[in-house]
Amino acid sequence: MTITIINSPVTVERAQSVARQDLHTEPWLVRGIIIGVAVMFLTVFVVLPLILVFSEALSKGVGFYLSALGDSEALSAIWLTLITAVISVSLNLVFGVAAAWAVAKFEFRGKTLLVTLIDLPFSVSPVISGLVFVLLFGAQGFFGPWLMAHGINILFAVPAIVLATTFVTFPFVARELIPLMQEQGSQEEEAAISLGASGWRTFVVVTLPNIKWGLLYGVLLCNARAMGEFGAVSVVSGHIRGETNTMPLLVEILYNEYQLVASFAIASLLALLALLTLIAKTILEGQIEEGQLPRDD
Amino acid sequence: MSAAPKRSSLPGFGLSMGLTLTWLSLLILIPLAGLFVKTADLSLSQFLDTVTSNRTLHALRISFGLAFAAALVNLVAGLIIVWALVRYRFPGRRLFDAIVDIPFALPTAVAGIALTTLFAQNGWLGAPLASLGIKVAFTPLGIFLAMVFIGIPFVVRTVQPVLIDLDVEIEEAAACLGASRWQTITRVIIPSLTPAILTGFALAFARAVGEYGSVIFIAGNLPNVSEIAPLLIVIRLSEFRYADATAIAVVMLVFSFLIIFVLNRLQRWAQTRALAVS
Amino acid sequence: MTIEVRNIVKQYGAFKALDNVDLRVADGELLALLGPSGSGKTSLLRIIAGLDWPDSGEVSFDGENALARGAGERHVGFVFQHYALFRHMSVFENVAFGLRVQPRAVRKSEAQIRARVKELLDLVQLDWLANRYPSQLSGGQRQRIALARALAIEPRILLLDEPFGALDAKVRKELRQWLRTLHEEIHVTSIFVTHDQEEALEVANRVVVMDKGKIEQIGTPGDVYDNPATAFVHSFIGESIVLPVDVSDGQVKLGHRPLNIDAGSASGPSKLFVRRHDMQIGPLGEGALEGTVRRVRTFGPIQRADIALSGDDTLVEIDAPRDRPLTTGDAISLQPRRYRIFAGQE
């Protein structure tokens, strides 16, 4: 190499700043555009709708807002939503822990298939999730005539709402626990068993403390979805006012009756639930990571 | 599936597996199987007539076509968002990172009425758009936007961890070999992210196809114009045309299985590529 | 290509990674940067490559200011510690990458690129792996592919960051030999970073020993081993017996015991450095170290003994030929044959 560059200090400095700019990042203009687009996109599609929910809900003042929430139909919808969530979350909690134990602690053929089946409700349209129960329990369904003959109401009643909700929220807990427990391995449990602990005791004393944050996280997500599920519940509920309306269904009914403020008032409660879930999620993710740190060495 | 475990000193396999399989069968598998059994009530020609009737075809086309377009937008926007969140520091970054999950967490009915009000002709965004001659609410464009909304988290959340873990050395290697920044991004970084990007795309697509709550408010629900397939199922049900509803559902369900298959493939692909290199 | 580094300073927060470093590398040299982790050797390598930038100082290649150019324009081949192979590309495409990203005006034709890649894969003796993917290769194979990829752009300088660090001992030994031979063949000015002294001494023409952001010594492998310039080099390279001594009026004392050795220029509290095999065993007498043999084991031609020095019972390990067998309990004297005394005791 015999090329010489004229080393006037200014050009060197400029050349250096140009040269050193492009290695790990983009020019500031490109950076600005990318950040701008990302922020704009999220603002239009996420922030604005969220603000709108609360602003519409409060558009006629706090008094109106509170009276909309205190309405008897609203109260019964809130009550039904809570009941449904409690039942389906507890069912899926037990199932999720059992499924995660089987999948994470043992090797068996067809494991991938099992995990895929557990995830299935995620890929099924909520409407179809409701439809399958209509086909089972409806008047023209497989068990419909028998149920009717015995005077048992499942469809267009609380049991079907619970079933549909449980169907839709089925994967949440298991999905959260399986990767967590797989990563943690079985050594601690094996140690406990070899020291003479019973299986149940091992689970309670060794496994549970290790997975508690992941478990809580899964339960929270499951609960948020259970309270907010619309499509599946809408198909099986029958929309009987004061009886089979959950909060999301009431939102729809009020909206369609042009009771916009009341509708947004209920919606604001659900939005608040979503926000709280996200905040809890952020905190829990920190806890889960922290809990896993010592395992790395 | 329930073959005995190969080797494990831990107890509880029978109990946990039994519980899992029972619950899975009762709640998920039997009801879904019922769907297929019900379709068998229809003869093949009846089935074909149902799913190829004008209205059904149109609803399927709307759901699949718009969902595909929305997932494409999510792919591009998701990449931009994830790049900004992972690679740049700007005020409010953590907040924006957190709100990416809102479309996932917000109940669909709430999202539906909020988006409709936002894009209605007198809405915050609908009014300015209307003055430009663009009508959003109660048109296919509205459906499309609602589908974009619910698809936001998927690409971002699948690509984000991969981009964070991407070894900065490979970018330095590309730079040393004379690649421009643009070449490094398009030839090295993006291809490394491809399995994750496609996974996010497929998830967003699948979600948008089946989406109901956030779409029906803004859709307008005009048959043959802005009627989505899930809504048509609901309509057929309310008309007590169970077999018709079931036929549409089967088409959509088969599509779901296809997506699951593709996703499993993608995951295996990503895993074999990740093996041992780092 | 000669490389000249002048007054380089690089600081990360309060940590001074490079503290006024000067270095000249002659054309065709194979130079080792040797030092413990945190000594600044990798920082220096990255600055030469254009991956990092100094806070102040100059880097020039053949007299031309290198800092005015980005990493891509310096024509430097860089082999990363973890290889940084592109996992979505085949071995062939990895090696071809540097040729394919060239501006269209100077880019080679597809046929030329194929020929060049084949040539490089032949050079690293891995042409049969062309269609594999990085995840299907062993560590040693990845290392060689990374090298072939770096060589594809016909670099004027080859830089290697801990090239053998991630390999197991046997492969490491083979690759060392191979790298030396390869360098003789292609004769590109090369610098490699290592924390392994054996690697540096065995492979390099010249060794640069670094510690805490400064260069402690530059010399041939024989030089840095036989004539360590500083206490750090003496203790870092080869194994040394280190004893605290006191020097006054040219007299060296260990504790209260005067030693019959030359103090050189040191005075005050100092350190006496002796290689394990440079301790001569003799009968008890004046002016030597004395001690008792505590334990003896033999390795091939030598016997290694733990000696407790009389006085404060300091344990030193020495290597002695087997012609005069030692037994536990023997009282012996030790006379340093070759030694260095460095002032200061830290």
Report the accessible area of B:Ile218, computed with a 1.4 Å probe over the heavy atoms of all protein chains in place, in Å² rounded to the nearest 10. 0
With bins of 5 Å, the percent of all Cα-Cα pairs of the stretch C:91-182 per bin from 0 is 2, 13, 25, 23, 19, 10, 5, 2, 0, 0
Give me Rg/Rg_expected for the stretch B:204-278, where Rg uses Cα atoms only and Rg_expected = 2.2 N^0.38 Å with N residues. 1.54
Only Cα pairs under 8 Å and at least 6 apart count here; give the relative contact order of the stretch B:140-208 as a rounded whole percent. 57
So how compact is the stretch A:130-197: Cα radius of gyration and Dmax in angstrom? 20.5, 57
Between B:Thr22 and A:Val30, Cβ-based FRET efficiency (R0 51 Å, step 0.05) works out to 0.35
Kindly give Rg over Rh for chain A, based on alpha-carbon atoms, with the Kirkwood expression for the hydrodynamic radius. 1.15
Among A:43-50, A:182-189, B:155-162, what's the highest-first ranking by average C-beta atoms within 10 angstrom per residue? B:155-162, A:43-50, A:182-189
What FRET efficiency would be calculated for the residue pair C:Asp168, C:Asp62, taking the C-beta separation as r and a Förster radius of 35 Å, to the nearest 0.05? 0.35
Quick one: Cα centre-to-centre distance for the stretch A:55-87 and the stretch B:128-200, in angstrom? 38
Could you go through the stretch B:160-167 in sequence order and give the Karplus-derived ³J(HN,Hα) for each residue, using 6.51 cos²θ - 1.76 cosθ + 1.60 with θ = phi - 60°, rounded to whole Hz, and x for Gly and Pro? 3, x, 5, 5, 5, 7, 4, 5
First compute the accessible area of the protein assembly as shown with a 1.4 Å probe, then give the percent of it belonging to carbon and sulfur atoms. 60
Counting helices only, and only those DSSP H runs with n ≥ 4, report the 222 nm mean residue ellipticity of the protein assembly as shown as the sum of -39,500 (n - 2.57) divided by its residues, in deg cm²/dmol to the nearest 500. -17500 deg cm²/dmol
Using every pair of alpha-carbon atoms in the stretch C:239-343, split the distances into 5 Å bins beginning at 0 and state the percent of pairs per bin, rounded to integers. 3, 13, 24, 25, 18, 10, 5, 2, 0
Geometric extent, Cα atoms of the protein assembly as shown - Rg, Dmax (angstrom): 36.4, 117
For the stretch B:1-94, alpha-carbon Rg over 2.2 N^0.38 Å: 1.92
Cα-Cα pairs above 21 Å in the stretch C:3-232: how many percent? 56
Would you work out which of C:Pro321, C:Ile341, C:Val252 lies farthest towards the positive end of the dipole of the stretch C:227-346? Charges go on Cβ: Lys and Arg +1, Asp and Glu -1. C:Pro321
Expressed as a rounded percentage, what relative contact order does chain C have, with Cα pairs under 8 Å and six or more residues apart? 16
Translational diffusion coefficient (Stokes-Einstein; Kirkwood radius from C-alpha pairs) of the stretch B:139-278 at 37 °C, 0.692 mPa s, in µm²/s: 185
Chain C, dipole about Cα centre (Lys/Arg Cβ +1, Asp/Glu Cβ -1), debye to the nearest 20: 1200
Percent of Cα-Cα pairs per 10 Å bin, from 0 to the last occupied bin, for the stretch A:162-250, please list those. 16, 33, 22, 16, 10, 2
What is the dipole size for chain B, taken about its Cα centre, with +1 at each Lys and Arg Cβ and -1 at each Asp and Glu Cβ, in debye to the nearest 20? 280
Assigned charges on the beta-carbon of Lys, Arg, Asp, Glu; the protein assembly as shown dipole about Cα centre (debye): 1720
Taking each residue in A:237-249, count the Cβ atoms of any other chain within 10 Å of its Cβ, then average. What number comes out? 1
From most to least accessible, 1.4 Å probe, no ligand or DNA/RNA atoms counted, A:Trp79, C:Trp53 line up as A:Trp79, C:Trp53
Using +1 at the Cβ of each Lys and Arg and -1 at the Cβ of each Asp and Glu in the stretch A:168-252, identify which of A:Thr202, A:Thr244, A:Leu177 lies farthest towards the dipole's positive end. A:Thr244
What translational D, rounded to a whole number of µm²/s, comes out for the stretch C:121-278 from Stokes-Einstein when the hydrodynamic radius is the Kirkwood one over Cα pairs, at 10 °C and 1.306 mPa s? 85
Once you order the gyration tensor axes a ≥ b ≥ c over the Cα atoms, which shape class does the stretch A:138-297 get: rounded for a/c under 1.5, otherwise prolate or oblate by comparing a/b with b/c? oblate
Based on Cα positions only, what radius of gyration and what Dmax would you give for the stretch C:128-204, in angstroms? 12.5, 36
Positive end of the dipole of the protein assembly as shown, charges at C-beta (+1 Lys, Arg; -1 Asp, Glu), about the Cα centre: which of C:Pro103, B:Pro153, A:Leu163 has its Cα farthest in that direction? A:Leu163
Give me log10 I(q)/I(0) at q = 0.12, 0.21, 0.28 Å⁻¹ for the stretch C:64-131, Debye formula, one equal scatterer per alpha-carbon, no solvent. -0.38, -1.04, -1.32
Would you mind getting me the FRET efficiency between B:Ser180 and C:Arg24? Use the beta-carbon distance for r and R0 = 25 Å, nearest 0.05. 0.20
When you count, for each residue, the other Cβ atoms within 10 Å and take the mean per peptide, how do B:210-216, B:67-73, C:306-312, A:255-261 rank with the highest first? B:210-216, B:67-73, C:306-312, A:255-261
So for the stretch B:77-196, Kirkwood radius off the Cα pairs, Stokes-Einstein at 10 °C and 1.306 mPa s: how many µm² s⁻¹? 95
Kirkwood Rh and Cα Rg combined as Rg over Rh, evaluated for the stretch C:1-89: 0.97
SASA check, A:Phe137, accessible area w/ 1.4 Å probe, all protein chains in place, rounded to nearest 10 Å², comes out at 40
In order through the stretch B:233-241: 3J(HN,Hα) via Karplus (6.51 cos²θ - 1.76 cosθ + 1.60), integer Hz, x for Gly, Pro: 4, 4, 5, 4, 5, 5, 8, 6, 8
For the stretch B:44-275, divide the Cα radius of gyration by the Kirkwood radius and give the resulting Rg/Rh value with two decimals. 1.05
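The values are calculated or read from the model by the stated rules, or taken from the named source; none is laboratory data. Remember, it's a predicted structure, so these values are computed and weren't measured experimentally. FYI the Cβ positions are ideal-geometry reconstructions off the backbone, even for glycines, and counts take in every protein chain you see. These area figures cover heavy atoms from the full protein model, side chains too; ligands, DNA and RNA do not enter into them. Shrake-Rupley method; radii C 1.70, N 1.55, O 1.52, S 1.80 Å.
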